[in-house]
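Below: one structure, written as structure tokens.
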Amino acid sequence: LNVTHPAEITYDPDAQDVCSVADNNCGNGEITYSIIEGSECATIDSNTGKVTTEKAGTIKVQIDKAGDDGYNAATPYVATIVINKAAQKDFAFADKDPDDVTYNDNNNKFFNVVSGGQGTGTITYAFKDAESEEIADIDATTGEITINVAGTINVIATKAGDDCYNSITAEYSLTVKK
């Protein structure tokens, strides 16, 4: 068997063709595919060889060709393939560039919701710099800001990575006027 395959692929919930087999016209034996290591990371269609990734990790795909009346079975081929985490997309604050606020507006509270991303990781909020910490306090879970004095606040939200996706961040700045 002459097999070509990538050394690495990226997590994708849709099935992917990863192994191309040229059998050199050596009989009509059936070609089958199986995962012999890393079955927690992916599944494979035994007839087509299409891989459906479940999470990042390493898999070993064995490709077999059965014998027929004229040919013996081919020596099995094992392909080692690394599944990398995918990048999350579309993670953003509802208001990417909020209007300035005035100290004492809304009882000195400000909230800007973040959403998106594809993973299951937890979202946390923080200030991007030490100066922001002198101006306000932030709830790391909800992102609600309590304003203490006038100034500019730089907020960053992080959605943690998981078994399939890398972490992602979104940012915004808010100016608090006197």
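Observations, loosely collected:
- Considering residues of region 75-96 that are aliphatic (A, V, I, L, M) and closer than 17 Å to P13 by Cα only, the residue surrounded by the most Cβ atoms within 10 Å (Cβ to Cβ): I83
- Of the residues making up region 1-17, those that are in contact (Cβ under 8 Å) with a residue 40 or more places away in the chain and either closer than 12 Å to I63 by Cα or part of a loop (DSSP other than H, G, I, E, B) (or both) are L1, V3, H5, P6, A7, Y11, D12, P13.
- Test: residue in region 146-154 that is among the aliphatic types (A, V, I, L, M), buried (at least 19 other Cβ atoms within 10 Å of the Cβ) and out of contact with any helix residue (DSSP H, G or I) (no Cβ under 7 Å at 6 or more places or on another chain): no
- Restricting region 133-145 to residues that are open to solvent by less than 40 Å² (accessible area, probe 1.4 Å) and not β-branched (V, I, T), the residue that is farthest from F93 (Cα to Cα): A136
- Among residues of region 107-132 being among the aliphatic types (A, V, I, L, M), under 23 Å from Y165 (Cβ atoms) and outside any loop (DSSP other than H, G, I, E, B), the one that is least open to solvent (accessible area, probe 1.4 Å) is V114.
- If you go through region 146-172 and keep only what is among the aliphatic types (A, V, I, L, M) and under 15 Å from A94 (Cα atoms), you end up with V155, I156, A157, A170.
- Per-region count, region 52-74, residues under 14 Å from V21 (Cβ atoms) and surrounded by 15 or more Cβ atoms within 10 Å (Cβ to Cβ): 6
- For A170, the criteria (1) within 30 Å of I9 (Cα to Cα); (2) assigned to a strand (DSSP E or B); (3) open to solvent by 40 Å² or more (accessible area, probe 1.4 Å) hold in every case but one, which is (3).
- Cβ pairs under 7 Å, 6+ apart, first in region 72-84 and over 27 Å from G161 (Cα atoms), second among the small types (G, A, S): A73/G29; A73/A66; A73/G67
- Residues (more than 32 Å from the chain's Cα centre (by Cα), without any contact (Cβ under 8 Å) to a residue 40 or more places away in the chain and open to solvent by 50 Å² or more (accessible area, probe 1.4 Å)) located in region 18-51: N24, N25, E30
- Single residue of region 133-151 satisfying the filter (among the β-branched types (V, I, T) and assigned to a loop (DSSP other than H, G, I, E, B)) that is farthest from E171 (Cα to Cα): V149
The values are calculated or read from the model by the stated rules, or taken from the named source; none is laboratory data. These figures come from a predicted structure and were not determined experimentally. Here the Cβ is made from the backbone with ideal geometry for all residues, glycine too, and neighbour counts use every protein chain on show. These area figures cover heavy atoms from the full protein model, side chains too; ligands, DNA and RNA do not enter into them. Shrake-Rupley method; radii C 1.70, N 1.55, O 1.52, S 1.80 Å.
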